[in-house]
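Since the structure comes first, as structure tokens, the remarks are kept for the end.
The values are calculated or read from the model by the stated rules, or taken from the named source; none is laboratory data. Treat the numbers as computed from the prediction; the structure is a model and nothing was measured. As a convention, Cβ positions derive from the backbone with ideal geometry for all residues, glycine included, and neighbour counts pool all protein chains shown. When the accessible area is computed, the model is the full protein with side chains, heavy atoms only, and any ligands, DNA or RNA have been set aside. Shrake-Rupley method; radii C 1.70, N 1.55, O 1.52, S 1.80 Å.
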Amino acid sequence: MTTPPPLTERLDGFLVLHRRRVLGGLLLLAVFLRLMVGMELSGGPLVRIPELVPASDNAFFVTWSQHLAEEDWLQRQPLHPMPPWMRKVASQVMREHPDVPVRLGLAGDTSYDRPAMGVRLWDHWLGGATYFQEPLYPYLLAVTRVVAGPGTWAVFAWQGLLGVAMLWLVYLVGRRLMGETVGVIAALLGLGYAPFIVHEFALLRDSLIVFATLALLWALLEALERGGWRWALFGALCGGAILLKVPFLFFALLAFAGALLSRRGGPRDVGLALGCMVLAMLPALVRNALVGVPLFRFNGSGNAMLAIFHVKDALPAQFLISKDYASILAQEDGHLLPSLVAAIQTHGSLTHYLLLCVMKLVSLVHGEEMPNNVDVNLFFQACGLLRAMPVSFWLLAFLGAVGLMATARQWRRVWPLYIAVAAGVPTILLASMISRYRLPITAAMLPLSAAGLLALGEWARARRWGALAATGPLALLYIPWAVREHVMPGAEPSDAQYRRLGRLSMDLDPEFAALHFRECLQRNAELTDCSLGWGQALLLQERPQEAIPLLEGIVHRVPAADPHLALGQAYLMVGRTAEGLASLREAAELSAPDSPVRRTSEQLLKAHGGP
């Protein structure tokens with residue numbers, strides 16, 4: 001390792017001298033932050049997503065783990081979700097291709113029961129008893145359920161502990177590759193990045209994937225530098241990671257290729273790692289053999305569903321079901337490669353498809369946190385501590401680019417960081433750019449971001465204006481774009497999406513609805529119906545004092561019946577009867593005869609003795 005510059009050398013010396021205090025304080029702060037966030041979120045809707053959104057992956061993980069723990073640990077029968085979009089696709093297949101169930105041997109003729117056949121079709125497309133997704137996470141949930149009961153907080157607890165351990169691994173990786181200071185700064189950047197904590201409070205495997213990424217990176221560095229049995233450890237961790245998410249195979253293959261090309265690992269080392277990788281997967285292989293599905297098939301959904309993200313109507317960063325998808329399923333029977341080829345052929349040209357791939361990569365480096373099954377923006381609305389955390393993705397990306405420039409001459413040493421980042425990109429290209437798919441890339445990027453921050457400090461101290469100036473165009477071009485809302489042609493505008501979801505959530509949980517309306521207003525403060533929705537949600541939560549100023553502002557701007565009705569109800573709830581009756585009269589006068597607003601206003605006026 002080259003001699004560090006003066007500032008880094010002084011910081012290294014100080015941090016090595018006080019290592020226990022610095023790291024101990026950092027890890028204690030990480031635990032404290034998670035406890036405080038948990039306290040702020042407890043009792044709120046965001047920790048009850050499986051209950052509020054039964055079509056979510058979160059809800060299916062609960063169902064799946066309950067089935068494993070209480071019915072069948074081997075899952076011998078097909079088990080998969082059936083959200084509305086899957087039922088709609090199956091109905092489209094049966095409507096446009098009614099002979100498909102007959103051709104597949106699922107029915108004798110076309111007089112089959114369509115709702116029941118929809119489930120059977122998806123059983124077939126998803127591979128029968130094949131796991132719907134990789135099995136490690138649901139088995140961990142099932143074990144937690146057996147040990148600690150059906151509640152979610154035990155899961156959040158061990159996910160949070162793994163989040164703290166991830167910061168320790170970030171420090172170890174940064175220290176080994178680029179010194180003590182980089183390790184500490186990398187851990188601090190990870191500590192300040194709120195989405196890591198957000199996903200620890202969701203029943204999704206993404207926080208575990210982040211931990212696995214750093215564990216693999218650390219194990220790879222151990223194997224490269226110390227050899228021997230550490231290659232077995234790396235291989236075993238790769239096997240376990242593949243049972244968490246199959247795309248970890250890209251990490252393993254890149255690591256083996258890098259070890260061989262750099263001559264820091266020989267064929268025997270790679271062979272040992274591969275053998276241990278298969279051994280780690282042995283329980284799943286045995287289970288697949290017992291239930292009669294292909295041995296190395298750990299995910300049934302990918303084969304049938306990846307085509308969704310490659311058709312001509314696909315969006316780079318949102319989930320959209322194209323009208324072409326049902327035809328692809330009917331024609332290719334859920335087989336992976338034929339389905340992908342058919343999806344790509346829906347594009348007018350190869351150039352158009354490649355543009356979709358480029359847009360996915362562009363979305364990858366944008367600063368917006370794209371929701372899917374968990375919405376970072378709603379967590380920010382619900383938790384002031386998360387909202388106050390200082391590190392954003394655009395900052396990490398900018399510093400990571402600077403770090404890449406600063407460490408370019410050390411590539412022979414830091415190439416494991418490059419492959420850890422690169423290994424996350426195929427998931428984005430194969431599927432879509434959503435925040436939780438970007439998390440492992442972000443985690444692997446932390447040491448590079450720390451190196452970039454330290455390099456900026458070194459260049460400023462040494463007055464290397466040329467080096468600093470080289471980062472200027474990057475900052476001027478990237479940051480203003482990355483902090484703006486990410487607008488995609490053909491996608492539903494984000495303010496409209498939050499408004500729609502707020503309305504849909506009103507009957508489920510008014511607090512959940514209020515979070516959507518607040519996020520909508522943060523994006524477009526002029527949407528009066530979002531302000532009204534927020535006020536109505538506050539009334540349903542019996543918080544009229546908070547609703548009154550909001551509703552008064554609306555009726556002053558827009559003289560309409562609905563705001564007057566809500567304001568009248570709020571006034572009555574706090575005992576301001578005269579003002580409440582006046583507002584109800586306004587609502588009645590402004591509404592159409594026999595309308596719901598008119599009837600409700602007149603009923604309230606009659607109940608409170610008003611004319």
Check: Restricting attention to segment 476-499, and to residues there that are closer than 18 Å to Gln522 by Cα and part of a loop (DSSP other than H, G, I, E, B), which single residue is most open to solvent (accessible area, probe 1.4 Å)?
Finding: Arg484
Item checked: Which numbered condition Gln66 misses (of (1) open to solvent by 60 Å² or more (accessible area, probe 1.4 Å); (2) part of a helix (DSSP H, G or I); (3) farther than 30 Å from Gly300 by Cβ) -> (3)
Next item on the list: Just one of (1) closer than 30 Å to Leu177 by Cβ; (2) modelled with pLDDT of 95 or more trips up Ala59, so point out which.
Entry: (1)
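State whether one or more residues within segment 125-135 are more than 24 Å from Pro247 (Cα to Cα), aromatic (Phe, Trp, Tyr) and assigned to a helix (DSSP H, G or I).
No, that holds for no residue.
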Check: Any idea which of Val89, Val173, Val93, Val155 is in contact with a Pro (Cβ under 7 Å, 6 or more places away or on another chain), in a helix (DSSP H, G or I) and either among the hydroxyl-bearing types (Ser, Thr, Tyr) or crowded, with 20+ Cβ neighbours inside 10 Å (or both)?
Finding: Val173
Checklist line | Hey, Met166 surrounded by 24 or more Cβ atoms within 10 Å (Cβ to Cβ) and closer than 30 Å to Phe60 by Cβ or not | finding: yes
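Any residue that is closer than 26 Å to Leu243 by Cα, charged (D, E, K, R) and either under 26 Å from the mean Cα position of the chain (by Cα) or at pLDDT 95 or above (or both) - is there at least one of those in segment 287-306? Walk me through it before giving the result.
Initially, segment 287-306 is screened for residues closer than 26 Å to Leu243 by Cα, giving 287-306.
Cutting the leftovers down to charged (D, E, K, R) gives us 287, 297.
Applying the additional criterion that residues be either under 26 Å from the mean Cα position of the chain (by Cα) or at pLDDT 95 or above (or both) yields 287, 297.
Yes: one or more hits.
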Notebook entry, point to check: Does any residue in segment 264-291 that is within 30 Å of Trp411 (Cβ to Cβ) come within less than 7 Å, Cβ to Cβ, of a residue that is among the aliphatic types (A, V, I, L, M) and open to solvent by 70 Å² or more (accessible area, probe 1.4 Å) six or more places away or on a different chain, and which pairs are these?
Noted result: Val270/Leu260
Note to self: Contact list please: Cβ distance under 8 Å, first residue in segment 327-340 and over 12 Å from His310 (Cα atoms), second residue aromatic (Phe, Trp, Tyr) and surrounded by 15 or more Cβ atoms within 10 Å (Cβ to Cβ), pairs at least six apart or on different chains.
What the structure shows: Leu329/Trp125; Asp333/Trp125; Gly334/Trp125
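Answer with yes or no whether Pro138 is part of a loop (DSSP other than H, G, I, E, B) and either touching a helix residue (DSSP H, G or I) at 6+ places or on another chain (Cβ under 9 Å) or surrounded by fewer than 20 Cβ atoms within 10 Å (Cβ to Cβ) (or both). Write out each step before concluding.
Working: part of a loop (DSSP other than H, G, I, E, B): no; either touching a helix residue (DSSP H, G or I) at 6+ places or on another chain (Cβ under 9 Å) or surrounded by fewer than 20 Cβ atoms within 10 Å (Cβ to Cβ) (or both): yes.
When the stated conditions are applied, Pro138 does not pass them.
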Checklist line | Selected residue (criterion: farthest from Ala401 (Cα to Cα)) from residues of segment 478-507 that are among the aliphatic types (A, V, I, L, M) and out of contact with any His (no Cβ under 8 Å at 6 or more places or on another chain) | finding: Met506
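Given the condition under 28 Å from Val47 (Cβ atoms), basic (Lys, Arg) and buried (at least 17 other Cβ atoms within 10 Å of the Cβ), answer yes or no: does some residue in segment 540-548 qualify?
Yes - at least one qualifying residue is present in segment 540-548.
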Checklist line | Positions within segment 176-207 being closer than 19 Å to Phe379 by Cα and assigned to a helix (DSSP H, G or I), in sequence order | finding: Gly190, Leu191, Ala194, Pro195, Phe196, Ile197, Val198, His199, Glu200, Asp206, Ser207
Notebook entry, point to check: Which condition breaks for Trp73 when tested against (1) open to solvent by less than 50 Å² (accessible area, probe 1.4 Å); (2) not in a helix (DSSP H, G or I)?
Noted result: (1)
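Please state which one of Ala219, Ala259, Ala289, Ala236 is among the small types (Gly, Ala, Ser), over 30 Å from Val37 (Cβ atoms), in contact with a helix residue (DSSP H, G or I) (Cβ under 6 Å, 6 or more places away or on another chain) and part of a helix (DSSP H, G or I). Let's see the steps before the verdict.
On the way: Ala219 fails: over 30 Å from Val37 (Cβ atoms); Ala259 fails: in contact with a helix residue (DSSP H, G or I) (Cβ under 6 Å, 6 or more places away or on another chain); Ala289 fails: in contact with a helix residue (DSSP H, G or I) (Cβ under 6 Å, 6 or more places away or on another chain).
None of the others qualify; the one that does is Ala236.
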Next item on the list: Run Ala219 past the list (1) small (Gly, Ala, Ser); (2) within 26 Å of Leu253 (Cα to Cα); (3) free of Cβ contacts under 8 Å to residues at least 40 places away in the same chain; (4) open to solvent by 30 Å² or more (accessible area, probe 1.4 Å) and report the number of the one that doesn't hold.
Entry: (4)
Next item on the list: Give, as residue ranges, the helices (runs of 4 or more DSSP H) completely inside segment 338-456 that count at least 1 residues that are surrounded by 22 or more Cβ atoms within 10 Å (Cβ to Cβ) and either touching a strand residue (DSSP E or B) at 6+ places or on another chain (Cβ under 6 Å) or at positive phi (or both).
Entry: none
Check: Being of a type outside the set (Ser, Thr, Tyr), farther than 30 Å from Pro371 by Cβ and free of Cβ contacts under 8 Å to residues at least 60 places away in the same chain, is that true of even one residue in segment 176-188?
Finding: yes
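Before we move on, is Leu249 touching a helix residue (DSSP H, G or I) at 6+ places or on another chain (Cβ under 8 Å), part of a helix (DSSP H, G or I), within 20 Å of His80 (Cβ to Cβ) and not hydroxyl-bearing (Ser, Thr, Tyr)? Walk me through it before giving the result.
Values: touching a helix residue (DSSP H, G or I) at 6+ places or on another chain (Cβ under 8 Å): yes; part of a helix (DSSP H, G or I): yes; within 20 Å of His80 (Cβ to Cβ): no; not hydroxyl-bearing (Ser, Thr, Tyr): yes.
Spelling it out, it is not the case that Leu249 is touching a helix residue (DSSP H, G or I) at 6+ places or on another chain (Cβ under 8 Å), part of a helix (DSSP H, G or I), within 20 Å of His80 (Cβ to Cβ) and not hydroxyl-bearing (Ser, Thr, Tyr).
Would you check which residues across segment 287-310 are touching a Leu at 6+ places or on another chain (Cβ under 9 Å) and among the β-branched types (Val, Ile, Thr) and list them?
Val291, Ile308
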Notebook entry, point to check: Here are Leu35, Leu11, Leu29: which of them is assigned to a helix (DSSP H, G or I), open to solvent by 40 Å² or more (accessible area, probe 1.4 Å) and in contact with a helix residue (DSSP H, G or I) (Cβ under 6 Å, 6 or more places away or on another chain)?
Noted result: Leu11
Next item on the list: Scan segment 522-534 residue by residue and report those that are open to solvent by 20 Å² or more (accessible area, probe 1.4 Å) and closer than 22 Å to Val53 by Cβ.
Entry: Gln522, Arg523, Trp534
Check: Is it fair to say Thr577 is open to solvent by 40 Å² or more (accessible area, probe 1.4 Å) and of a type in the set (Ser, Thr, Tyr)?
Finding: yes
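Taking Thr144 as the residue in question, decide whether it is polar (S, T, N, Q), in a helix (DSSP H, G or I) and either closer than 30 Å to Asp12 by Cβ or at pLDDT 95 or above (or both). Spell out how you get there, then give the answer.
Details: polar (S, T, N, Q): yes; in a helix (DSSP H, G or I): yes; either closer than 30 Å to Asp12 by Cβ or at pLDDT 95 or above (or both): yes.
So Thr144 fits the description; yes.
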